[in-house]
Amino acid sequence: MINVDFHIHSKYSGGTSGNMEIPVIAEQSIFKGLNTIGSGDCLNKNWLDHFVSSVKKVDEGTFEHKSGIRFILTTEVEDYRRVHHVILFPSLSAVQEFRDTIKDKSPNLDTDGRCNINLAGDELLDIVSNIDGLIGPSHAFTPWTSIYKEYNSLEECYKTKNIPFLELGLSADTQMADCISELKNVTFMTNSDAHSPWPHRIGREFNRLKVKDNTYDEIINAIKRRGGNEFVLNVGIDPDLGKYHMTACTRCYKKYSWDKAKETKYRCTCGGLIKKGVVDRINELHDQEVIHPPHRPRYIKTIPLAEILVEALGLSSVNSKKVQNLWKLLVESFKNEINVLIVTPKEEIERIAGEKVAQAIIDFREGKIYIEPGGGGMYGKAYLNKKNINQSSLDGYL
Ligand SMILES: [Zn+2]
Ligand SMILES: [Zn+2]
């Protein structure tokens, strides 16, 4: 079993932390319990140079950092309709070939980590197939840059329904997406799409795969469900916490029902633009009751441990030193974050972090955490106590 996060961004992508470099990413990945992580941004020359000098080759498509963390070559690109795709590459020469093929179509290949390519989804699929890579939609239901904000089916975008994987995105889970019949053969991915290496970002979503070896080819076999390889778990943050979960104003983040949003012509009382939440987009696309196909793995909903600590300690930010130090102490004591969240007995957590923190983690396990949902570009927020929820942000919805 290996834990894999396929989608992150380097320091060369817009809006990312300058700390998104391989040694930091590797260190944080270990704390998260990841075994393998996508390089992200591998079409960017500066990033690729840094990557190649930071890892050693295991085989054509598999690389290892000295910490033991493995990497595969991945990127995200934006197509000419502003749809985002995740691409996996079988080798450095495949990355080079892809670069050569699209370089005249991309205005920012080496100036951004996530490049724009002036091609359609089906044209990208053709090029990816020629280099023997894999492509699938990123954060498939979000309102600005996803496949389903632009199209009503996979086929409209790629001119085929045979797409190997789809990234659910932070605002959706398996329960929501399995009411869309065209996705029954598609492997769902839960990836962090991290822009910073900090504990509540990198590896906040990951996939557990059954493979015979921790290599690119075995990972591809798991995506395609070949030779007994498969995804056995999707671990994702509670979709309510996703920043596009509900329909909401992009300026003041007030939530709206979709009917109400239409009524106001997508303008909030504050004048801001209202954007369709993932819940409402999936409602439009849904064409069956929830049916999980036999291959669909269990989906575990989590909340970043750092956010639980903030609440338990009554602090205001995940970036506080106290939270960061306690987070580190806990993950070092119990090997990684997912163990602390799901497995470690209460008494052992209490011994390290005290009663309040231990109880908060138990409350999370028992579903006793209250979530003020996200929307309009603002993450949701987890509370230990329901009365802390900001009701006024829900006024337009309730
Ligand atoms: Zn994206
Ligand atoms: Zn507003």
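The values are calculated or read from the model by the stated rules, or taken from the named source; none is laboratory data. Just so we're clear, the structure is a prediction, and the values are computed from it rather than from any experiment. Note: ideal-geometry Cβ built from the backbone for every residue, glycine included; neighbour counts use all protein chains shown. These accessible areas exclude ligands, DNA and RNA; they are computed on the full protein's heavy atoms, side chains included. Shrake-Rupley method; radii C 1.70, N 1.55, O 1.52, S 1.80 Å.
The single residue among S138, S196 that is open to solvent by less than 40 Å² (accessible area, probe 1.4 Å), closer than 30 Å to N336 by Cβ and at pLDDT below 95 turns out to be S196.
When segment 237-261 is filtered for residues that are assigned to a helix (DSSP H, G or I) and out of contact with any Asp or Glu (no Cβ under 6 Å at 6 or more places or on another chain), the ones remaining, listed by number, are D240, L241, D259, K260, A261. Would segment 208-215 turn up any residue that is touching an Asp or Glu at 6+ places or on another chain (Cβ under 6 Å), open to solvent by 10 Å² or more (accessible area, probe 1.4 Å) and part of a strand (DSSP E or B)? Yes; the residues of segment 208-215 include at least one that is touching an Asp or Glu at 6+ places or on another chain (Cβ under 6 Å), open to solvent by 10 Å² or more (accessible area, probe 1.4 Å) and part of a strand (DSSP E or B).
Report yes if K66 is surrounded by fewer than 17 Cβ atoms within 10 Å (Cβ to Cβ), of a type outside the set (D, E) and not in a loop (DSSP other than H, G, I, E, B), otherwise no.
Details: surrounded by fewer than 17 Cβ atoms within 10 Å (Cβ to Cβ): yes; of a type outside the set (D, E): yes; not in a loop (DSSP other than H, G, I, E, B): no.
No; evaluated as a whole, the condition is false for this residue.
Can you pull out every residue in segment 262-278 that is more than 11 Å from G375 (Cβ to Cβ) and either in a strand (DSSP E or B) or under 22 Å from the mean Cα position of the chain (by Cα) (or both)?
R267, L273
Filter segment 374-389 down to residues that are open to solvent by 20 Å² or more (accessible area, probe 1.4 Å) and within 26 Å of the chain's Cα centre (by Cα) and give me whichever is modelled with the lowest pLDDT. Looking at residues that are open to solvent by 20 Å² or more (accessible area, probe 1.4 Å) and within 26 Å of the chain's Cα centre (by Cα), I get I389.
Screening R201 with (1) modelled with pLDDT of 95 or more; (2) surrounded by fewer than 24 Cβ atoms within 10 Å (Cβ to Cβ) gives one miss only, at (1).
Scanning segment 143-167 for residues that are closer than 19 Å to I117 by Cβ, open to solvent by 10 Å² or more (accessible area, probe 1.4 Å) and either among the basic types (K, R) or within 12 Å of ligand 1 (Cβ to nearest atom) (or both) gives W144, T145, K149, K159. Just for segment 311-332: of the residues that are part of a loop (DSSP other than H, G, I, E, B) and in contact (Cβ under 8 Å) with a residue 60 or more places away in the chain, which one is least open to solvent (accessible area, probe 1.4 Å)? Top of the filtered list is V318.
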